[in-house]
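Please read the structure below before turning to the comments.
The values are calculated or read from the model by the stated rules, or taken from the named source; none is laboratory data. Source: prediction; values computed, not measured. Using ideal geometry, Cβ is built from the backbone for each residue, glycine included, and neighbour counts are taken over all protein chains shown. For the accessible areas, the whole protein counts, side chains as well, though only heavy atoms, and no ligand, DNA or RNA atoms are used. Shrake-Rupley method; radii C 1.70, N 1.55, O 1.52, S 1.80 Å.
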There are 8 protein chains.
Amino acid sequence: MSGDGRREAVEPMVGIVMGSASDMGVMEAAANVLDELGVTHELRIMSAHRRPQDMLSYGKAAGARGIRVLIAGAGGAAHLPGMLASVTTIPVIGVPVPLAHLDGIDSLLSMVQMPRGVPVATVAIGNAGNAALLAIRILALSDPDLERRLTEYHEKMYMESREADASLLDRG
Amino acid sequence: MSGDGRREAVEPMVGIVMGSASDMGVMEAAANVLDELGVTHELRIMSAHRRPQDMLSYGKAAGARGIRVLIAGAGGAAHLPGMLASVTTIPVIGVPVPLAHLDGIDSLLSMVQMPRGVPVATVAIGNAGNAALLAIRILALSDPDLERRLTEYHEKMYMESREADASLLDRG
Amino acid sequence: MSGDGRREAVEPMVGIVMGSASDMGVMEAAANVLDELGVTHELRIMSAHRRPQDMLSYGKAAGARGIRVLIAGAGGAAHLPGMLASVTTIPVIGVPVPLAHLDGIDSLLSMVQMPRGVPVATVAIGNAGNAALLAIRILALSDPDLERRLTEYHEKMYMESREADASLLDRG
Amino acid sequence: MSGDGRREAVEPMVGIVMGSASDMGVMEAAANVLDELGVTHELRIMSAHRRPQDMLSYGKAAGARGIRVLIAGAGGAAHLPGMLASVTTIPVIGVPVPLAHLDGIDSLLSMVQMPRGVPVATVAIGNAGNAALLAIRILALSDPDLERRLTEYHEKMYMESREADASLLDRG
Amino acid sequence: MSGDGRREAVEPMVGIVMGSASDMGVMEAAANVLDELGVTHELRIMSAHRRPQDMLSYGKAAGARGIRVLIAGAGGAAHLPGMLASVTTIPVIGVPVPLAHLDGIDSLLSMVQMPRGVPVATVAIGNAGNAALLAIRILALSDPDLERRLTEYHEKMYMESREADASLLDRG
Amino acid sequence: MSGDGRREAVEPMVGIVMGSASDMGVMEAAANVLDELGVTHELRIMSAHRRPQDMLSYGKAAGARGIRVLIAGAGGAAHLPGMLASVTTIPVIGVPVPLAHLDGIDSLLSMVQMPRGVPVATVAIGNAGNAALLAIRILALSDPDLERRLTEYHEKMYMESREADASLLDRG
Amino acid sequence: MSGDGRREAVEPMVGIVMGSASDMGVMEAAANVLDELGVTHELRIMSAHRRPQDMLSYGKAAGARGIRVLIAGAGGAAHLPGMLASVTTIPVIGVPVPLAHLDGIDSLLSMVQMPRGVPVATVAIGNAGNAALLAIRILALSDPDLERRLTEYHEKMYMESREADASLLDRG
Amino acid sequence: MSGDGRREAVEPMVGIVMGSASDMGVMEAAANVLDELGVTHELRIMSAHRRPQDMLSYGKAAGARGIRVLIAGAGGAAHLPGMLASVTTIPVIGVPVPLAHLDGIDSLLSMVQMPRGVPVATVAIGNAGNAALLAIRILALSDPDLERRLTEYHEKMYMESREADASLLDRG
């Protein structure tokens, strides 16, 4: 499998969905991490409020199309991940997108505080990269190859942190 | 028109919708105020997350059924009013229902922070009575009789406040 | 009716009121949306604190002048929409204007947390465009032509969201 | 002057105003402190939203009636002290009354965040006793006798704190 | 597989971990939901701060023991889910447990705001039942039988919501 | 009395105190307003934490020196106004100075939440001009000439607001 | 040294100071932990606002009296630990005491947000026991015997957590 | 001892630890203050989440290596200081590092709200200099020479504050 997940978008494993094109600045980090670890994905704009029915149809069809995890980013009254989660049984990961005001606390609460029955797996404000890594943890449960790439990714983070430590010590 | 709006529910002017039966403690104040001012209404449980498609269908059909204002109460990640607003052009009023934690600040932000294009008319946390009064202000624009009853309601509030003032003065 | 609502300000349907000229940066979006959908309106500066009596007089007279909805924007201890609502029975929509500190959370709470009896229909922080769309939803209840223009506006939003989605798919 | 300020309410120095009778539980502490230090006062219910014009008239007339300080308590979208301050040049002290939700943070921000030109002297959430003591500090500037009583009050607080300290030491 | 997951705890699919026995009141809802849907699990107390090394060892060994998802609940400075996530590549779900103060906002932020590289799938404050349902969504990706039971669970929620709606309509 | 209060600082009526020179950007607005209304004042740096004893000595002596109101600005753990209030019976006005983080909410709470017995008259975050106007309201109680200048100041604000309104109407 | 630190209060190592007797419910946990680990201490009521000069004198003298750590608890505008820290060079630990409103967030910010130069070592809201343990960590740096007792205390916590874990496993 | 603590890093008294190199902008102020007061120290990057085992090993070994105080800075879900505190009995000081969103309130709560048994001495958001001064207060308890330098540091702050006051008076 090549590192460029988007070419293989005909059979995406992960759907990255966002409320509007303006969320792309935050959400592309998810695509980049999936690319880096070789996970096919698609990027979609599915406004919960401007295209509610399309959005629900997309969510309902996702599982049958072979998508195994949805990553949804939205800001403010961020209803997208919760509404997607209401029409599918595959896991939905929410990325609170910070808007011009309130630093994303509205986006976070609108996502994470889902009522009993319909969970959204929420990650940190603006941290779409972590949403991708969470999707990869989920996919790696049944994909030993991906699990190996994820372990290497962790080892790389470990080494980078060690090297940063070492170069700080050198500087001392 | 009698003061009992619910009997006439075959032709409701206002739809009061809530996410679950547990919201009834907060939301019945809306029904009571509508009854008091003689506005027909219906009470419905339409969970955005447990019945997403029914909820959207309800919202889409509301206007054609003669409903002119929707009042929607929900708590936590409170998506109900925003999703209803996304499928209708009639006004949607949101009542943030406070849950066991966070005192309703999550419910408030999940409702009020709607993105450009789809407004929710949000009232105070837990204040379903005011949602009803806002609906009545809207309906009274084209119903002089209702406008008169609303004016009387204001006059009654005015007199009650005066009397509370007077009895405090007497006590002094 | 022309698209330029302001020329027809002699018979405004909507009054857009703000506390000071510095709120204009936020509030003009309301005027723009009303213009776009052909709703007459007037723009006024009515400080609740610097011109309390003028402000109340304006609010009291609005209904008789033919104004059917008030949109009021203010920041900080934002008393303008609530005080206007106290002297009229027409609907009042509040726009929390964010100031230099607190990101508008003070403006929001000062507006939305109105006591029983006097509601303010509050929209998102800084989102005056949505206040206009809420006013239009209200006016459209008795104006089929406006209702049609609002439906077209929704369809345009729908198409724009679809196109943004499509161009993202193309890019992938 | 007797210790019972309320008997002398015909010539009150301080007006204690509140939005509704339900604020009395918080606001009576102001009356008690004023009584204790022999300052005449009156207690009034002046809802900013249910009696806006009466409220403004009260505020406008207060100075000429000999009232020198207004203490205003309100909860939620607490507009009362700010609106009173807008129609008088005497000092207005605000007491944020905590309601069932949000612990008074809405009341606090609605009061303290007044725009340039019209200050409200805000005290702690629910602390009407301190509002009275602030009024007394103001009145004592031109009333040496009251200044002496206030100094004694401070000395009493000092002694009570010392005694609490001593009895804790004894217990040790 | 029987409905009683705990008997089969020798081969748990899910590890439910909490910081102290006092978290059990919140966390047992996770066990109940897993039992209801027939997912084996184990319940463990693994304080991040009182048994840091045991906690890390548990997290490191979990995957090899066949555990596929960890659910971790903690309150205040809630480090447990994040630290577990740092030593495993299986998904970790965090449940913010509300303590006596701050209503769980500290627990929520301590969990959800994980830095790039190590995600925690955070659910609503105190909503351990949803953590279980999220774990089930993940496990169901490779367990069609479980996927079927989850779908039935959703259908049951749907029917319950419909019935609540119907009984409200009857009452009207 | 000339408009330049600072020349006459030998007999200041108001003491403007701040924790450090970096607060001057916020606090000079107080001096400017006092100058504009012809109230003598002095500006002092009195860090509660770096010069605690000097600060208390200053506060204790202020009344006897003829100072009638203290205005104290500080940021973060803002103890200055509360500590000054603890050693004097003249009114102390607190200005919450916003620092690099938290937008002044820490400064506000550190000031306004004073315990029973020792009030601080708190104004809006960063609004030192209003602190000056509050001081002037207090001083004007026993200075009819100042009361007249304050009334003129209000009239000027009124006229400026009217003119802003008029020029907006012209633009329409 | 006996386990009862209070008998030996003539030579206290730790001063536990609080603003008022009402803080004792929170602060006695500090005394209990110090007793348990055999650290002498004294309990004092030293209101920053009712006895400012006594409080500063106490703080200044503490070091010379042999006190090595101060623990200060206060609520609301909690100035006590910061003011003590301003007059001594020994470490000062702050315990934010939660009051009736705001859940201690005001107390926390009033303490922790100290300006550069004068730190307060702040612990969790209402967690006076941890303040004692922090004092013990400090004292144990130069007291091997105390270091041993603290290590035993940690081992006991470890064993208690293990046992809670074991009894949960048994229950399973 | 020279003023350059870093050269003597072979025998550091204080370990300054941070989660990533990006925290250095905040944390170097700690090193600067320690240098200024002649306290040896080392700077390390020890990510709680990318190098959990190294981090714990570092914390466990610190005391035996002669380190007497740890200063740990981290942002967001800031687990570093709490986890270090869980494996050592020497005092751990936490510096909440503000990230791009939430202004450090997440970092603060993640640190300060530690459960009973394991305290973190938390200082102000972003105030690493105060963390160093707190470490110095602790070390000075058993180092009279350092206590003298700290007293001089306080005197210098006192003089600087006096001079700022004087130059403000001159300007007046």
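Considering the Cα trace of the stretch C:71-172, what is its radius of gyration and what is Dmax, both in angstroms?
Taking only Cα atoms of the stretch C:71-172, I get Rg and Dmax of 17.2, 56 Å.
Using +1 at the C-beta of Lys and Arg and -1 at the C-beta of Asp and Glu, which of A:GLY126, A:ALA166, A:HIS49 has the Cα lying farthest in the positive direction of the dipole of chain A?
The residue sitting farthest along the positive end of the dipole is A:HIS49.
Once ligands and nucleic acids are excluded and a 1.4 Å probe is used, how much of B:SER57 is accessible, expressed in Å² to the nearest 10?
My reading of the accessible area for B:SER57 is about 60 Å².
Under unit Cβ charges (Lys, Arg +1; Asp, Glu -1), what dipole magnitude, rounded to 20 debye, does the protein assembly as shown have relative to its Cα centre?
0
Calculate the mean, over all residues of peptide A:71-81, of how many other protein chain Cβ atoms lie within 10 angstrom of the residue's Cβ.
On the way: counts 0, 0, 0, 1, 2, 11, 18, 7, 12, 1, 1.
Mean number of neighbouring Cβ atoms from other chains: 5.
Considering only DSSP beta bridges with both partners in the protein assembly as shown, what is the antiparallel share in %, to the nearest 5?
Values: 4 of 148 bridges.
Counting only bridges with both partners in the protein assembly as shown, antiparallel ones make up about 5 percent.
Given G:LYS60/G:LYS156; A:LYS60/B:LYS60; A:LYS60/E:LYS60, which pairs have Cα atoms separated by over 25 Å?
G:LYS60/G:LYS156; A:LYS60/E:LYS60
Per-residue mean of other chain beta-carbon atoms within 10 angstrom of the beta-carbon, peptide D:135-141?
Partner-chain Cβ atoms within 10 Å, mean over residues of D:135-141: 6.
How much space per residue, in cubic angstrom, does the convex hull of the C-alpha atoms of chain E take up?
It is 138 Å³ per residue.
What's the center-to-center distance, using Cα atoms, between the stretch C:94-135 and the stretch E:60-118 in Å?
If you average the Cα positions of each part, the centres end up 36 Å apart.
What is the P(r) of the protein assembly as shown, as percent of Cα-Cα pairs per 20 Å bin from 0?
11, 37, 37, 15, 0
In percent, how large is the relative contact order of chain A, given Cα pairs closer than 8 Å and 6 or more residues apart?
21
Mind pulling the angle between the C-alpha long axis of helix G:128-140 and the longest principal axis of chain G? Nearest 10 degrees, somewhere in 0 to 90.
The answer is roughly 90 degrees.
For F:ILE93, what accessible area in Å² do you get when you roll a 1.4 Å probe over the heavy atoms of the protein chains, rounding to the nearest 10?
Accessible area of F:ILE93: about 0 Å².
Please check which bits of the stretch E:43-73 a label hung off G:GLU155 would reach, taking the label as a point 7 Å along Cα-to-C-beta and the cut-off as backbone N under 20 Å.
Residues E:47, E:49-55 qualify, since their backbone N sits under 20 Å from the label point.
With a 1.4 Å probe and every protein chain left in place, tell me how much accessible area A:GLU163 has, in Å² to the nearest 10.
Ignoring ligands and nucleic acids, A:GLU163 comes out at about 110 Å².
For D:ILE105, F:ILE16, give me the order by solvent-accessible area with a 1.4 Å probe, most accessible first, ignoring ligands, DNA and RNA.
Largest to smallest exposure gives the sequence D:ILE105, F:ILE16.
Angle between the Cα long axis of helix G:144-171 and the longest principal axis of chain G, 0 to 90 degrees, nearest 10?
That works out to roughly 50 degrees.
With both bridge residues required to lie in the stretch D:15-135, what share of the DSSP beta bridges run antiparallel, to the nearest 5%?
For the stretch D:15-135, the DSSP antiparallel bridge percentage is about 0.
How far is helix H:24-36 tilted off the main Cα axis of chain H, in degrees rounded to 10, range 0 to 90?
The two axes meet at around 60 degrees.
For the pair A:GLN53/F:LEU169, report the inter-label distance in nm, with labels modelled 7 Å from Cα in the Cβ direction.
It is 4.8 nm.
Point me to the residue of chain E whose C-beta lies closest to the E-onto-G rotation axis, rounding the distance to whole angstrom.
Reported as residue, whole Å: E:ASP103, 5.
Classify the stretch E:18-98: rounded, prolate or oblate, from the alpha-carbon gyration tensor (a ≥ b ≥ c, eigenvalue square roots; a/c under 1.5 rounded; otherwise prolate if a/b is larger than b/c)?
Details: a/c = 1.80, a/b = 1.07, b/c = 1.68.
Because a/c hits 1.5 or more and a/b fails to exceed b/c, the stretch E:18-98 counts as oblate.
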